[in-house]
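Input: a single structure, listed below in structure tokens.
The values are calculated or read from the model by the stated rules, or taken from the named source; none is laboratory data. Worth saying up front: this structure is predicted, and the values here are computed from it rather than measured. Using ideal geometry, Cβ is built from the backbone for each residue, glycine included, and neighbour counts are taken over all protein chains shown.
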Amino acid sequence: MSSSNPASAEEVRVIRHDEVDRDSLPEGPWDGTRYSYIPPAELSIDPSLRLHAEFDQAIDPVTYQVLRSRFWNMNLDHSDTIKRVSGSPVIVYMEDFNTSLLTEDGDSVVCGPSIQYFTGYGDLVVKWTLENRSRNPGIEDGDIFMQNDPYVGTAHQIDVQLYTPVFWEGRLFCWIFGNCHVGDIGGINPGSFVPEAPDIYYEPVPIPPIKIARRDQIQQDVLQMFVRQSRTPEKLTLQIRSQVAGLRTTRARMLELLREYGAPTIKGAMRRMIHDCSKAVGERLESIPDGTWREAILIGSAGPGDRRAHRLLTTVEKVGDSMVFSNAGTDPQFFAANGTYGSWRSALICAAGTLLAHDQMYCPAGVLAHMRFQPVPGTLNCARYPAAVTPLASTIVSVYLASQVLSKMVSAGPPELRKRANATGGVALPGWWVASGIDRSGRFVADVTGDQVMGAIGAFALRDGIDTGGAWWWPRSTAGNVEDWEQAVPFLYLYRREQRDSGGPGLWRGGNGVELAVTPHKTHELTAQVISVDPGVITTLGLEGGYPGHPGNFINVPGSLPADRRSQRGAWPTSRGELELAHGALARVSPKAVVSLKPGDVWVVENSAGGGVGDPLQRDPGRVRSDIEEGRISAASAERFYGVVLDAAGNVDAAATADCRKAAHDERLASATPPSRPADGRTLRAPTQVSTGIGWGLLAGQSVWACLSCDVALGGTSVPYKEFARVLERNPHDVDPVMYADPGEYCDDAIVLRQFHCPACAALWATEVCRAADPPLDDLRIKPGHADRKVLAA
Amino acid sequence: MSHAAARAKDADWVPEDGLKGYSIGVDIGGTFTDCAVVSPAGEVHTGKAPTTPDDRSRGFFEAINVVADRLGLPLRDLLAQTERIVHGTTTGTNAIVARHGARLGLITTAGHGDVMYLMRGSGRTSGLPADELLDVPSTNKPEPLVPKRLIIEIAERIDVDGEVVVDLDEDAVRAAARSLRDAGVEAVCISFLWSIKNPSHERRAREIVNEETPDLYVSCASDLVARLGEYERTTAGLMNAYIGPLMLRYVSSIEQGARERGFKRDVLFAQCAGGAITGDEARAAPIRTVQSGPVAGIVSSVFWAQQVGYRNLIAADMGGTTFDVSVIRDRQPLERDLSVFQRYELALPMLDVESIGAGGGSIAWIDASGRLNVGPQSAGADPGPACYGRGEAATVTDADVVLGVLDPERFLGGRMPLDPERALQAVRRIGEPLGLDPYQTAAGIVRIVDSRMADLIRRMSVLRGFDPREFACLAFGGGGPVHCAAVAREAGMRQMIVPLPRMAAVWSAFGAAACDVIHVYQRAELIDLPVDSERILGPFGALESQAWAQLAQEGFAGDRIMLRRTLRMKYAMQVHDVEVPVPEGLHGAAACEVLIQEFERMYERLFGEGSGYREGGVQVTSFQVRATGHTTKPRLVTGQETGWPDECERLVYWQEYGRLEPTRVLRAEGEVRFDRLEGPALIELPDTVIVVRPGQSVRVDDYGNVVVDLPARG
């Protein structure tokens, strides 16, 4: 081995910080029984379990890189082994799983590129296991643990985790961890999603960490106890076996590595990875002004017969290189629409990792080192046992909530960070549907179709979103071909296309989502069961003035196809437009509908699209023109949202566009309510940008907000900038009746799209989807202290 | 002779008789056009000429001419005595990569015009390295192959069983053809849903387009691919149309050139499924020539393995920008139906090659956290590594120069002297912030790139179910022999072989000269088992008649035709399908059971014991006949007389020692012979250097292959 030069290497220390302030933590104990588990900084581990903790401080830089690549690839091998043995479409195509490698004391060193909101569970589960299993029954070489308790740390019981300790020289050296969606594990509904569950006792049994293998032998009694509850026990057995195979492959690889490099070197590389990641995240955080950012997302139809809108809220306060998160303001837990502390935390780790550590090989511990949490229990995103959690409503909404609030934060940073700010994307709400029926060979089939994972990427702070670009937190999923699904389910697709006008309008346009229609084919009946929260209560938020994306829709058009279609040209609708032409306006079904489809009926599914960023009236008209040319938006939408008019030749009509935009500005000013505080009105030269439309600066020694469109100083940063805004508030359905369904159909709370405009130039700074009674969300505050420092430095 | 008798031939069949005439392989690469000529006696002669990008056919014949000169024959005489010319071309590949193909139109099923935009939900990330996926704002779908306004949806519909649900709107097809022509389109792809089950609409649409616009190049997706999945199939159809007009001209110019120079037969073209196709097929299905260069290299390796007696090989080709790996198991190359090409998923039967961005030009760089990385960005040929004298970036080649592994005076046989001082400066710049001296830095760059390549080999083994320790590493390309002893050592392999050094530089051309004519016929059909044997064996009849007719038309006598039947089978509730060979003479009531057992055996071998889910049932997904027209092969000769190489010594930095060490250097001009010697040592050949690391030993076998033996690990 070449000698190294340790003098140049920084000292690597084990990062030990308490992720909560124990003294102010409400209720408890937070041990994974009634309240979710929150690991302490110093774990309480039985002394009989000896840890292999020492590591090489001064690992040479080349060996470090070789090992980093080995860890990464070893973890991918773990994923590949699971895919290979499982053979399940959910695992192989959709990649609904993740794998990771953790230190002896449960710090996550590297995760896989599969589903990202799993990346904050491994450490919780391993730390819980160290604290609760090291004494009895003990943690030994050759053990494999299994667990699916959401209150210890998993999204829902269907995501089953298997993990194994790796021992070296008789001491626990590291952990290998896998987390897979395994399919049916019991509970009152096939597939184990129970949206109607009033509590967890209706759902599959949560099992806290249990040994499924001892001394490398599978414990048949434990395995049988588990698979006995499933409707498809052989398939579940195979899933478990695939995870066992993955753990064994990876453990063998790790032992080879230990023999080759020795334990201190390998642990040194692990600790340095966490150190490097933490350092990168810390430096990035330092480059953002201190402040507080907030986001709220509503969900409707959260339980059977529910007609209320429920709010999830997350606040981040950033000081220096640390972030403190709170869910205060979130509504109480409700039916099965909940997530646990672990899910809220994991969503935040996943979003922070993507926004602040994209180049650190998915190293959650380095991100977590800068995060602290202030959970309020008994809420939708921090539920108290025995709240039910299987439908994942709050879990997935929490991912977008995390991304929104942290996007607002990085948007206040330098361009390299700001460009990562990303509005909500597709696969945004749990808007799935299950098709079931008897196929042409007489077999019963029930499948969640994959179309939903076509997704859409929301707009970024400096570029457009990506049409049907999947989900940022689920990078390697695949939706499948029309032919794949027509082979699996007795239906025919009439169309499947990118939905024009579905992306949220903005300075930067959100990605369009997918729309499709199917009709039962060669079957007597097809049942469509909707597993959704209400799309009328929009979850696909825009960012910094961008409009929300289309939130999705399920529509039934009964008897719309003639019995003999072969000879009737044109009787085969191939777009929503053609359906509407034949049948008038289409009405959506209830978000909890179970619809029986007969031959000739048409079932229309529109999946959610991406939110926009910034004021659409400021979008470059040339971009609007090319969007029209490429069929991404309609001319009507161009005029309505973007104020862009094309001439007969398809070129931008500059004069008409200027008129149209002026009229739109006038209309904003005329119909919006006046601000609660008058604007300062002076001009602020070269304000510092903190969001797409808002900046700040010093005016006569006072820190003030300014509109970035007209440089008008608004007033002191000690109050929210929104207090200086003219506010326009409308039912979103009135803004665009096709894109936004009428929330009043399934929700009794008045839902509004609230817009905040500059009182001087009418620029759109921010949009909210909220209950009319909610006060404006105080979503952006800068700490003037930090501001002064920056100005002086400049 | 009956079809069955033709199939009765042994899979490892190699003809004993010699060639009746010369066999010529020509492979056109980015810089050089390589030629290998096999004489009737089985001797191989090689030559090279510069590639002529403006008109590649000039370089083509010039390369043959170089060999003709060496043989002392006028080109015309050589061609007159030549039995076969097989050409591996990158013309199509280059057109797709550089995006200078035809202006395309797409005609597809109404309601499904967005198939190439949806990319079945994986377009944004497909083909990107997994560690780059979190950089979300830098991700995008690839540039569309065809703009939306040139996609025309036609009312028609066929269902999963191949039944017509909506008749083809012929008037609309007619109008579409005209409007595409008026829009300046040069080539059209027709791709309808379920055309694999019933191609009648696609074929009728093609007739109409041909009638309306006879000058447009037309390809039907179902003619190219019989695989389920409209996205991957339409990719094949579109890419085929994209290079169609270009390849039409190119193939004809080669054929005409050959005729004018006295060649009496048909020129054949190397194809991605590992054999050759005729000029007619290359015109109709030019997409099959894509990737044919690397694939011809694999064909060469398979042929070599059969002759020399190796069963399991990992062929590793390290060039300037990529490291390509393919697996040969039981002397058969692995095949695949689906690959990612230029970030599009493409359904096309081809030999399985995996690549990462690791080559001589891979750039060393320091990331935001101060870590040393190598690749995947490459300095390419221009500006190239710092030592080429134009760029500043430190690359793997620069590191090899600094270490003393590459002699700057003798790079590419001395044709391209390198600037060692620039290499040293570039490497020094990278190492300074890390506190490493230039030797440590260079050794570090090499270790990092070697370990990335070893990672790829390990990763390939997991998904494909083999153990690299049971394989020998076959090293090619300018960088393979330099790096593979370390790569193979790290992947736990026991041997690294540089086959026939005199041919290393023309390995793909040699593969072309030695390849068979291969056609793959497929039919997709989902059948739940068990069924009676006629249902499962019947569909092969039609495929085999097709194969037989085509090969007969191409001039193969019955005893030269081999047909291999395979089924793709899967567990109904699982997604991996496995290619199951249908045993010779299988018939009768037990046929289905035999196949299920064979499937389960293969499934477990690939995916592990107990990995099948029998309770969900077993299905057939497609039928395939791989038809081979056997060509006569050269024979490798043992014990050729060669001279002993020159020997000298120079200082080389070995990371194993952490210092410079006087090292033996053997210099040979091609053929090489020496007694076994212990590493460290370098064997310099005209186009590469074989690096034998400390603790390893090297020898030359009877055929002239250089074999490096690697000690078992710890």
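Quick one: which residue in B:GLU392, B:GLU345, B:GLU354 is surrounded by fewer than 23 Cβ atoms within 10 Å (Cβ to Cβ), in contact with a strand residue (DSSP E or B) (Cβ under 7 Å, 6 or more places away or on another chain) and either within 20 Å of B:CYS473 (Cβ to Cβ) or modelled with pLDDT under 95 (or both)? Going through B:GLU392, B:GLU345, B:GLU354 in turn, just one is surrounded by fewer than 23 Cβ atoms within 10 Å (Cβ to Cβ), in contact with a strand residue (DSSP E or B) (Cβ under 7 Å, 6 or more places away or on another chain) and either within 20 Å of B:CYS473 (Cβ to Cβ) or modelled with pLDDT under 95 (or both): B:GLU354. Checking B:GLY610 against (1) free of Cβ contacts under 8 Å to residues at least 24 places away in the same chain; (2) surrounded by 18 or more Cβ atoms within 10 Å (Cβ to Cβ); (3) not in a helix (DSSP H, G or I), which single condition isn't satisfied? Evaluating B:GLY610 over (1) free of Cβ contacts under 8 Å to residues at least 24 places away in the same chain; (2) surrounded by 18 or more Cβ atoms within 10 Å (Cβ to Cβ); (3) not in a helix (DSSP H, G or I) leaves (2) as the failure. Return a yes/no flag: does region B:211-221 have any residue that is more than 14 Å from chain A (Cβ to nearest Cβ), of a type in the set (Gly, Ala, Ser) and part of a helix (DSSP H, G or I). No, every residue in region B:211-221 fails to be more than 14 Å from chain A (Cβ to nearest Cβ), of a type in the set (Gly, Ala, Ser) and part of a helix (DSSP H, G or I). The residue of region B:359-389 that is farthest from the other protein chains (Cβ to nearest Cβ), among those that are surrounded by 22 or more Cβ atoms within 10 Å (Cβ to Cβ) and within 29 Å of A:VAL281 (Cα to Cα), is B:SER378. Among the residues of region A:579-589, not a single one is surrounded by fewer than 24 Cβ atoms within 10 Å (Cβ to Cβ), in contact (Cβ under 8 Å) with a residue 60 or more places away in the chain and in contact with a Lys or Arg (Cβ under 7 Å, 6 or more places away or on another chain).
The criterion of at least 3 residues that are at pLDDT 95 or above and either surrounded by 18 or more Cβ atoms within 10 Å (Cβ to Cβ) or within 35 Å of the chain's Cα centre (by Cα) (or both) is met, among strands (runs of 3 or more DSSP E) falling completely within region B:135-201, by B:151-154, B:187-191.
Scan region A:112-133 and tell me whether some residue there is of a type in the set (Asp, Glu), within 18 Å of A:PHE226 (Cβ to Cβ), surrounded by 24 or more Cβ atoms within 10 Å (Cβ to Cβ) and at pLDDT 95 or above. The answer is no, given that none of the residues of region A:112-133 is of a type in the set (Asp, Glu), within 18 Å of A:PHE226 (Cβ to Cβ), surrounded by 24 or more Cβ atoms within 10 Å (Cβ to Cβ) and at pLDDT 95 or above. When the strands (runs of 3 or more DSSP E) confined to region B:621-714 are screened for residues that are without any contact (Cβ under 8 Å) to a residue 24 or more places away in the chain and either aliphatic (A, V, I, L, M) or surrounded by fewer than 17 Cβ atoms within 10 Å (Cβ to Cβ) (or both), those reaching at least 1 such residues are found at B:646-654, B:659-667, B:681-684, B:697-700. Might you let me know whether region A:17-37 holds any residue that is in a helix (DSSP H, G or I), in contact with a Ser or Thr (Cβ under 8 Å, 6 or more places away or on another chain) and surrounded by 14 or more Cβ atoms within 10 Å (Cβ to Cβ)? The answer is no, given that none of the residues of region A:17-37 is in a helix (DSSP H, G or I), in contact with a Ser or Thr (Cβ under 8 Å, 6 or more places away or on another chain) and surrounded by 14 or more Cβ atoms within 10 Å (Cβ to Cβ). Among the conditions (1) of a type in the set (D, E, K, R); (2) part of a loop (DSSP other than H, G, I, E, B); (3) in contact (Cβ under 8 Å) with a residue 60 or more places away in the chain, A:LYS211 misses just one, which is (2).
One residue alone among B:GLU584, B:GLU579, B:GLU598 is farther than 16 Å from B:ILE527 by Cα, surrounded by 15 or more Cβ atoms within 10 Å (Cβ to Cβ) and away from chain A (no Cβ under 14 Å), and that residue is B:GLU598. With respect to the conditions (1) touching a residue at least 12 places away in the same chain (Cβ under 8 Å); (2) more than 22 Å from B:THR621 (Cβ to Cβ); (3) of a type in the set (D, E, K, R); (4) not in a loop (DSSP other than H, G, I, E, B), B:ARG124 lacks only one, and its number is (4).
Give me the helices (runs of 4 or more DSSP H) completely within region A:218-286, filtered to those with at least 1 residues that are within 17 Å of A:MET361 (Cβ to Cβ), ordered by residue number.
A:233-261, A:263-286
Scanning region A:220-271 for residues that are of a type in the set (Gly, Ala, Ser) and either in contact (Cβ under 8 Å) with a residue 60 or more places away in the chain or surrounded by fewer than 20 Cβ atoms within 10 Å (Cβ to Cβ) (or both) gives A:SER242, A:ALA245, A:GLY246, A:ALA252, A:GLY262, A:ALA263, A:GLY268, A:ALA269.
Report yes if some residue within region B:44-55 is touching a Pro at 6+ places or on another chain (Cβ under 9 Å) and at pLDDT below 85; otherwise report no. The answer is yes, given that some residue of region B:44-55 is touching a Pro at 6+ places or on another chain (Cβ under 9 Å) and at pLDDT below 85.
Quick grid of which residues meet (1) within 14 Å of another protein chain (Cβ to nearest Cβ); (2) touching a strand residue (DSSP E or B) at 6+ places or on another chain (Cβ under 6 Å); (3) touching a residue at least 12 places away in the same chain (Cβ under 8 Å); (4) closer than 24 Å to A:ARG253 by Cα:
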{"position": "B:ARG422", "(1), (2), (3), (4)": "no, no, yes, no"}
{"position": "B:GLU432", "(1), (2), (3), (4)": "yes, no, no, no"}
{"position": "B:GLY435", "(1), (2), (3), (4)": "yes, no, no, no"}
{"position": "B:LEU456", "(1), (2), (3), (4)": "yes, yes, yes, yes"}
{"position": "B:GLY465", "(1), (2), (3), (4)": "yes, no, yes, yes"}
{"position": "B:GLU470", "(1), (2), (3), (4)": "no, no, yes, yes"}
{"position": "B:CYS473", "(1), (2), (3), (4)": "no, yes, yes, yes"}
{"position": "B:PHE476", "(1), (2), (3), (4)": "no, yes, yes, no"}
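Scanning region A:342-386 for residues that are among the charged types (D, E, K, R), surrounded by fewer than 24 Cβ atoms within 10 Å (Cβ to Cβ) and closer than 23 Å to A:ASN98 by Cα turns up just one, A:ASP359.
Selection of region A:77-109 for residues being within 30 Å of A:ILE45 (Cα to Cα) and hydrophobic (A, V, I, L, M, F, W, C) yields A:PHE97, A:LEU101, A:LEU102, A:VAL109.
Among the residues of region A:469-484, those identified as at the interface with chain B (Cβ under 7 Å from one of its Cβ atoms) and within 22 Å of A:ALA347 (Cα to Cα) are A:GLY469, A:GLY470, A:TRP472, A:PRO475, A:ARG476, A:SER477, A:THR478.
Restricting attention to region B:84-134, report how many residues are more than 7 Å from every other protein chain (Cβ to nearest Cβ), more than 25 Å from the chain's Cα centre (by Cα) and over 30 Å from A:PRO475 (Cβ atoms). Total satisfying the criteria: 3. Listed by position, the strands (runs of 3 or more DSSP E) inside region B:251-336 whose residues that are over 23 Å from B:TYR22 (Cβ atoms) number at least 3 are B:313-318, B:323-329. Once region B:616-635 is narrowed to residues that are farther than 20 Å from B:ALA524 by Cβ and modelled with pLDDT of 80 or more, the residue that is nearest to the chain's Cα centre (by Cα) is B:THR628. Of all the listed residues (A:VAL397, A:VAL427, A:VAL448, A:VAL453), the sole one being more than 12 Å from every other protein chain (Cβ to nearest Cβ), closer than 20 Å to A:PRO89 by Cβ and among the β-branched types (Val, Ile, Thr) is A:VAL448.
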